[in-house]
């Protein structure tokens, strides 16, 4: 059996085998990205848990506007090598248009492209940074958070780990919860259930994490409405 985290890794395993059971964790939309034909009946050797992140990028932008009511220009990272981010980016851009927010979109497919993209952001001086769910950004979180801190740029993230590293705010499903739930899939499959007979599950718990220290350093006052909805405020 193979357990993967994220859409690119799941696609790599799908290309490599159609027989070894695959439990995928925290993938985007597995139907839209052609990992499975259906959530209810994934069929074949694949099942697992999806973050269903397409709509979340728009929600994160809305939360940024709630945090910064005057927000009109934001830099957003994406990764065209990650199939799940294509629709998510389109949704985010539609929300931005509705909110009259200009988006500077940077495509970063690998870590060696990160510094050049950050330099473009520095030159354009947007008011905030939007970082979606992608392993390139998670792995390079220290560099991204350091850049935002140096530029005094509020940042919205998909992963709480970037907020724990000093980013301002994150919103997304409980990835730790999804990984714990993956153990149930592994157990069922090892006991004889076919992966394709186990429905792909969506997230049941979402987390809003705010770094209070970062907010103070940026001179931002977090609205009470956000604080009341926060899962955790790091002080």
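The values are calculated or read from the model by the stated rules, or taken from the named source; none is laboratory data. Computed from a prediction, not measured in an experiment: that's the story for all the values here. Don't worry about glycine lacking a Cβ; one is built from the backbone with ideal geometry, like all the others, and counts go over all protein chains shown.
Residues that are under 24 Å from residue 230 (Cβ atoms), in the same structural domain as residue 227 (by TED's automatic domain parsing) and in contact with a helix residue (DSSP H, G or I) (Cβ under 6 Å, 6 or more places away or on another chain): find the helices (runs of 4 or more DSSP H) completely inside region 1-120 holding 1 or more of those. It would help to see each step written out before you state the result.
On the way: elements: 7-16, 56-67, 83-98.
Those helices (runs of 4 or more DSSP H) span 56-67, 83-98.
Tell me which of these residue 223 doesn't satisfy, since it passes every other one: (1) over 22 Å from the mean Cα position of the chain (by Cα); (2) touching a residue at least 60 places away in the same chain (Cβ under 8 Å); (3) closer than 30 Å to residue 36 by Cβ.
(3)
If I filter region 158-179 for residues that are farther than 30 Å from residue 69 by Cβ, touching a helix residue (DSSP H, G or I) at 6+ places or on another chain (Cβ under 7 Å) and crowded, with 19+ Cβ neighbours inside 10 Å, do I get at least one hit?
Within region 158-179, none of the residues are farther than 30 Å from residue 69 by Cβ, touching a helix residue (DSSP H, G or I) at 6+ places or on another chain (Cβ under 7 Å) and crowded, with 19+ Cβ neighbours inside 10 Å.
Of all residues in region 193-211 being farther than 14 Å from residue 45 by Cβ and at pLDDT 95 or above, which is surrounded by the most Cβ atoms within 10 Å (Cβ to Cβ)?
This residue is 211.
Within region 146-235, considering only helices (runs of 4 or more DSSP H) that don't extend past its boundaries, which have at least 2 residues that are touching a strand residue (DSSP E or B) at 6+ places or on another chain (Cβ under 6 Å)?
Those helices (runs of 4 or more DSSP H) span 160-164, 175-190.
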